[in-house]
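Nothing in this text is a laboratory measurement; each read-out follows from the coordinates by a stated rule. Keep in mind that what you see is a predicted model, and the values were worked out from it rather than measured. Because the Cβ atoms are built from the backbone with ideal geometry, glycine has one as well, and the counts that use them run over all protein chains shown.
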Amino acid sequence: MSHQQVKFYQTGTLTVGNRLLDAAQRTVQATIDRSNSLDSGHRACQGCGEALGARYAIDTAMRETNNKVIAANATGCLEVFTTPYPETSWTLPWIHSLFGNAPAIGTGIAAAMKVKGREDVRVIAQGGDGGTTDIGFGCLSGMFERNDDVLYICYDNQGYMNTGVQRSSATPGGARTATTMPVGPEPGAEFDKGKNVPLIAMAHEIPYVATASIDRLHDLEAKVKKAMSVRGARYLQIFVPCPLGWGSAPAQTVNLARLAVESGIWPLFEGEYGEITSVTNIRKQVPVEEYLKPQRRFAHVVKNPKQLSAVQAIADRNIRKFSLLEEQE
Amino acid sequence: MKNTKPFAITLDVGSSLLNKTGSWRTERPVYVDRLPPCNETCPAGENIQEWLYHAESGDYKKAWEEIMKHNPFPAVMGRVCYHSCETACNRVHLDDAVGINSVERFLGDQALINQWKVKPGKSTGKKIMIVGAGMAGLACAYHLRLLGHEVTIFESSSKPGGMVRYGIPKYRMPNEKLNAEIYRIEDMGVKIELNTKIEDVLATKEKYGFDAVFLSIGAQNAKLINIKSDESIPSLSAIAILRGIEDDIATGLHGHVVVYGGGNTAIDVARSAIRMGAKSVKVVVRKSQEQMPAHYEEIDEALDEGVEIVPFHSISEIKKGQLILEKNFVSDSSSAKPTGQFVAMEANVVVQALGQNVDESLLDNLDELRLEDGVLGVDTHLMSAIEGVFAGGDMIPSERNVTVAIGHGKKAARSISQWLHGKFEKQSKKHEVVDYAMMNTWYYSDAPRTIRPMLDVVRRTSGFAEVVGDLDETNAAFEARRCMSCGNCFECDNCYGVCPDNAVIKLGAGKRFEFKYDYCKGCAMCATECPCGSIKMEPELI
């Protein structure tokens, strides 16, 4: 990981800021003059993880590029809650596209900037998991394949939350959604289905792929920073809990992201040109039950030993596969 | 009017700042300062969390100055205080308590090395008389000087320091540190009249024109019991022995030493006897080892050094060069009952360490004042039945230890000052104590406690060298940084970071934060993610 681990400074680098750290080591979010790319007054629900993740990521990109970022945004919550006509919460050039073509719009803007000789202006395309893993998937794969100079950020809240919580190909096994009700012998979303888009992105052998979580800000910012330091197609998927869709308390959003990481449900890793280059260790491992319990979408899973052990098996597999418990250098 | 807007555009672009999402809120976050458990339990009323905060950033002088607002003896405290703060420390639930005591000692020693000083307050022209230059008297003198009053202390012994000098052996409390901290108080203009026993308090007050009096003579008379004896083994008093060691007078400790009593004084004598070459040292206690009033750390160190504890026995007779002990039966109700079974024990000296009494002769000329249950009663302002005569330390009803005495000194000084101004102030209400459950401790880095280097057991039993070593600057800062700052914002920026609505304003270093209630939706994420529990959610009153 590119950020320095500072030990014993009371909270080290686990909190957003730390008065004892050198200014250069502090997060963008801890600075008074952060750009607040996604400003107050937006209509996201209380405790929205996506609003938080988007500000974390875009603020970092703005800092890295001296505020020269253009963003293309797929249809979805992030678009709807930030830009009810004629208001906008974005404080950077921002364009809304269709549900499925944000990567292609990003490609077009990048091409335009190249033609105009403005390669100092960087392009970000972003969307939710529905717009990314399902509807925009073809455009995204094309953008990767062409290695267009775009950072694509997927804010993963594991479903179509804007339209009323339907299942997407990022919805985890067992989860209740409007289209995967907890009825019958296999209640909730089917297990062993869905797509792991970060690994699919890596299969394109693009320069940079990473997963991040809103509970680990230093890690998230370091990944955005790294992504902005390279050219070509890059992909970042940020885990953003959704209180409305998950049936969790708004105050628990960051905590749920933390429990997903600490249980092994959401592995944090980086890959370059098809190879995994680093993973972020679990700090204090917890059983998946702790992650599932505060969410109503998993209420039936917690009571169902078979499903519960299936979820634990997924976490265990992640821990094994990505070596999440081994000491990193 | 001609439309100058592009095709299909009818409205100007506006910012979402027009949309005041604060109206969604049913609960509002507020910043609070809660009381950390260390501060709550400190008998001297130190603001421990505050001075650790300064020590964390390496500002040792500021940290020391914060201690000095409440306690003029950090170097002494860092050695002899029984640190109830560490017992109360919330970090116990995470790994191990913060080594507050060792950091305090480091700061106290830094002050002595760098000769940091404290200035007395602006002169008020009032004169206060203090009887007894123990910790309570010296602390009171110090605080009175801070408040600008003139102070004279009358002390019957040849040196100031009271029980810290005469009751605590040098391996725990080296003289040069004690002398230096007392000198710093004298340097502020406190007069100490040594070898002066006050016979008539009010007459002395009248004679020199003092405006108020603080009595702090301690409890220096040994409580001795009559053991049936044929005089074949000498029976000595623990307090006299410890005093003898300080003044380099022969103590009579030799051969097989048996100490009777389970308090800190008993352990001090036992450990001193080991250092003076006793063949064996046994401490006889009536009840179990766990029920001994001595501090567990002292007991552990004594056991390491070879002291043996003999529980469930009373000394019943000294006969033909032997001690006759009677076995006790201790039921759940914890009172010891004799069983009538006797055993003999080899001994050359018996030392009684069964407590101390207040010297009543001081009250001979004070008709209004009488001891009750061996102590002098005072009101909540530490004033006795005589107007303008205050008292504190071991002589009033309270737990008897150094830190409590220093706390009395501070409180008495403030009461005296208020009394001189004609009115006692009401005590301000204490903040809510912060409980571990109010905090989000995931954020605190794993950091095991630094163990103060302990002198090798063999080395420390052969002399009076100090047993517990110092922290150096790097590990003192490290230890301070283990403080979780319970209930008090330490500017970690979490609230500022985790708000999805940018509804927290960062005011800059040292100025903390403010909420933008126009936009705060009341999701309580800030309160949940605040590591130290200094954000509280309150219902919105509509």
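At q = 0.10, 0.13 Å⁻¹ the log10 of I(q)/I(0) for the stretch A:23-322 amounts to -0.50, -0.87, computed by Debye summation with a single uniform scatterer per C-alpha, solvent ignored. Which pairs in the list B:126/B:159; B:159/B:223; B:126/B:410; B:119/B:207 are over 21 Å apart, alpha-carbon to alpha-carbon? The answer is B:126/B:159; B:159/B:223; B:119/B:207.
The Cα center of the stretch B:29-72 and the Cα center of the stretch A:19-72 differ in position by 34 Å. Could you tally the net charge around residue B:54, taking each other residue with its Cβ under 9 Å from the Cβ of residue B:54, Lys/Arg +1 and Asp/Glu -1? It works out to a net charge of -3. Cα to Cα, under 13 Å, and not fewer than 8 places away if on the same chain: which aspartates and glutamates meet these conditions relative to residue A:114? Those aspartates and glutamates meeting the cut-off are A:148, A:149. Annotation: the residues B:153, B:406, sorted from fewest to most other C-beta atoms within 10 Å of their own C-beta, follow the order B:153, B:406.
When you restrict to C-alpha pairs under 8 Å that are six or more residues apart and normalise by the size of chain A, the relative contact order lands at 16 percent. The length gained on full extension between residue A:36 and residue A:320, counted as 0.36 nm times the residue separation minus their Cα-Cα distance, comes to 98.4 nm. Size check on the stretch B:240-331: the Cα extents along the three principal axes, sorted descending, read 43, 36, 21 Å. Residue exposure proxy: A:60, A:91, B:4, ordered by other Cβ atoms within 10 angstrom of their Cβ from fewest to most, comes out as B:4, A:91, A:60.
For chain B, what does the relative contact order come out to in percent, with C-alpha contacts under 8 Å and a separation of six or more? Relative contact order here is 22 percent. Relative to the longest principal axis of the Cα atoms of chain B, helix B:175-186 runs at roughly 60 degrees.
Restricting the trypsin sites (Lys or Arg not before Pro) of the stretch B:314-359 to loop positions (DSSP other than H, G, I, E, B) with no more than 11 neighbouring Cβ atoms within 10 Å leaves B:320.
Once the Cα atoms are used to define both axes, helix B:402-420 deviates from the longest principal axis of chain B by about 70 degrees. Where only DSSP H runs of four or more residues are counted, the protein assembly as shown gives -8500 deg cm²/dmol as its mean residue ellipticity at 222 nm, each run worth -39500 (n - 2.57). Below 15 angstrom from the Cβ of residue A:263, what's the summed charge of the other residues (Lys, Arg +1; Asp, Glu -1)? Cβ neighbours under 15 Å give a net charge of +3. Here residue B:228 is the anchor, and the lysines within straight C-alpha reach of less than 23 Å, apart from those fewer than 8 places off in the same chain, are B:282, B:287, B:319, B:320, B:327, B:337.
Taken over chain B, the ratio of Cα radius of gyration to 2.2 N^0.38 Å equals 1.20. The Cα center of the stretch B:166-202 and the Cα center of the stretch A:239-285 differ in position by 61 Å. The loop-placed GluC sites (Glu not before Pro) in the stretch A:144-210, going by DSSP, that have at most 13 neighbouring Cβ atoms within 10 Å of their Cβ come out as A:190.
In percent, rounded to a whole number, the relative contact order of the stretch B:223-355 is 34, using alpha-carbon pairs under 8 Å and six or more apart. Within the shell defined by Cβ-Cβ distances under 15 Å, the residues around residue B:248 carry a net charge of +3, with Lys and Arg each +1 and Asp and Glu each -1.
Where in the stretch A:41-59 is the amide nitrogen less than 15 Å from a point lying 7 Å along the Cα-to-Cβ axis of residue B:26? From the stretch A:41-59, the list is A:46-47. Residue exposure proxy: A:235, A:152, B:443, ordered by other Cβ atoms within 10 angstrom of their Cβ from fewest to most, comes out as B:443, A:235, A:152.
Sparsely packed loop sites in the stretch B:333-376 (the GluC sites (Glu not before Pro) outside DSSP H, G, I, E and B with at most 14 other Cβ atoms within 10 Å) comprise B:368.
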